Amino acid sequence: MRKFKRGILQCLLLVLPLLFLYVIIFPSDLFNVCIVLGGILLLLPFAIILKYVAYPREINFPEGFALALCFSFYPLILALLPFYYIKAINNLKNHL
């Protein structure tokens, strides 16, 4: 949980000023900004979970492909997050 909180905080510190400036310049695109911010906030924990799915080794093609798919289609994160979370928990139980 600490990694999730820290990653999201650091990401928000980096992205929020840019998104705030974008909303000031283009106020009609507020909905799009919220969608992008939501996607970023879901993608970051997903990437951290993928790291623990492949814990002792590096991330292989299936995990990298799932991450690439989630970059291109944000709602897929909601479907894959529980699956990979359970897989990461089981993988960490074997190594701890």
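When F83 is tested against (1) modelled with pLDDT of 90 or more; (2) under 10 Å from the mean Cα position of the chain (by Cα); (3) aromatic (F, W, Y), only condition (2) is not met. Do we find that Y74 is touching a helix residue (DSSP H, G or I) at 6+ places or on another chain (Cβ under 7 Å), over 30 Å from L96 (Cβ atoms) and hydroxyl-bearing (S, T, Y) in this structure? The answer is yes for Y74.
Residue count for the stretch 1-51 under the criterion of being of a type outside the set (V, I, T) and either assigned to a loop (DSSP other than H, G, I, E, B) or more than 20 Å from Y85 (Cβ to Cβ) (or both): the result is 22. Residues in the stretch 86-96 that are farther than 14 Å from A54 by Cβ and either in contact with a strand residue (DSSP E or B) (Cβ under 6 Å, 6 or more places away or on another chain) or modelled with pLDDT of 90 or more (or both): I86 alone.
When the residues of the stretch 55-72 are narrowed to those that are in contact (Cβ under 8 Å) with a residue 24 or more places away in the chain and either among the acidic types (D, E) or not in a helix (DSSP H, G or I) (or both), which ends up surrounded by the fewest Cβ atoms within 10 Å (Cβ to Cβ)? In this case the residue turns out to be P56. Pairs are defined by a Cβ separation below 9 Å, a sequence spacing of at least 6 or placement on different chains, a first member in the stretch 5-23 that is in contact (Cβ under 8 Å) with a residue 40 or more places away in the chain, and a second member that is in a helix (DSSP H, G or I) and of a type outside the set (G, A, S); the pairs so defined are G7/L44; G7/P45; G7/I48.
Residues that are surrounded by fewer than 10 Cβ atoms within 10 Å (Cβ to Cβ) and over 21 Å from M1 (Cβ atoms) are absent from the stretch 36-54.
The values are calculated or read from the model by the stated rules, or taken from the named source; none is laboratory data. Computed from a prediction, not measured in an experiment: that's the story for all the values here. Methodologically, a virtual Cβ is constructed for each residue, glycine included, from the backbone with ideal geometry; neighbour enumeration extends over all protein chains shown.
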